[in-house]
Amino acid sequence: MDNINPTVATLCLIAVAAVHRFILSNRRQKFLGAIIPMIWLVAAVVLAANGMLSGLGAWVSALVVMVGLLIIWWSGQVSYRKRLDSENARIDSVNASRSLK
């Protein structure tokens, strides 16, 4: 793991977080938003089983990332619900204006 460029790793993490928030979590199907957190959970278990996730700092970091991914998932679901409510309100206003004619 010493040969990973930190800049590339950071850009990859930002890209994964963006995909997770704006594409996977912002959908009606809640399971799509669970894909990235589940991959992270499996990766953390594999790292722990191989002894690469040892020490309190590593476990705290893994937990913080998992909580962050779950917050992103929740935020995407809230955004989806707001968008759905906005669309429903627009449809209701159009239907109300049509019934007045």
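FYI, it's all coordinate maths here, none of it is from the lab. If you're wondering where the values come from, they're calculated on a predicted model, not measured in any experiment.
Things to note:
- 24 Å tail of the calculated P(r), the chain, as % of Cα pairs: 42 percent
- With contacts taken as Cα pairs under 8 Å and at least 6 residues apart, the chain reaches a relative contact order of 35 percent.
- Over the chain, DSSP H runs of length four or greater, each weighted -39,500 (n - 2.57), average out per residue to a 222 nm ellipticity of -26500 deg cm²/dmol.
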